[in-house]
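Only the coordinates and a few stated rules stand behind these numbers; no lab work does. Values in this document were obtained by computation on a predicted structure and should not be read as measured data. Glycine also receives a Cβ, built like all others from the backbone with ideal geometry; neighbour counts cover every protein chain displayed.
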Amino acid sequence: MTHPKGYSGTQIALHWAVALLVVGQYIFKDSVAAAWEAIRQGTDYAFDPLILAHVAGGALILVFVLWRLTLRLKRGGPLPPENEPAPLKTLSHVAHWAFYGVLRSCRFRAL
């Protein structure tokens, strides 16, 4: 795998887009939670544009994460600093992949 000197503009933009969308998901979670609870109780609920925003945001996160992973696998990523301690390198790698796992598990939590 090649190791470019830095991340591409697309990789950086996708990183921050996902970060902002995750913040939005947190902001809109109450509307979705209330709607989900209403469905579970068998009661009706009125249309709420925040629910649509939450669903669309989740779909965008999924698409952007898959796009980021594809770019990372095709393009690679820069090497960590040479003087970085080995445990920190390992922890950084594990943390990045764990975050992808958290994003995936959050998508299916309500199901």
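So which lysines can Lys5 reach, going by Cα to Cα under 30 Å and dropping same-chain residues fewer than 8 places off?
The reachable lysines, counting only those whose Cα sits under 30 Å from Lys5, are Lys74, Lys89.
Karplus couplings for region 18-28 from phi (6.51 cos²θ - 1.76 cosθ + 1.60, θ = phi - 60°), rounded to Hz, Gly and Pro as x?
Values, residue by residue: 5, 4, 5, 5, 5, 4, x, 4, 5, 5, 8 Hz.
Sum up the charges of everything whose Cβ sits under 12 Å from the Cβ of Leu79, counting Lys and Arg as +1 and Asp and Glu as -1, but leave Leu79 out.
Result for the local shell: 0.
Rg/Rh for region 9-108: what does it come to with C-alpha atoms and Rh from Kirkwood?
We get a ratio of 1.11 for region 9-108.
How big is the dipole moment of the chain about its Cα centre under a simple scheme where the beta carbon of each Lys and Arg is +1, that of each Asp and Glu is -1, and everything else is neutral? Debye, nearest 20, please.
The dipole of the chain has a size of about 480 debye.
Compute the signed sum of charges (Lys and Arg +1, Asp and Glu -1) over the other residues within less than 12 Å, Cβ to Cβ, of His96. Display every interim value, and only then the final one.
Details: positive: Arg68, Arg72, Lys89; negative: none.
It works out to a net charge of +3.
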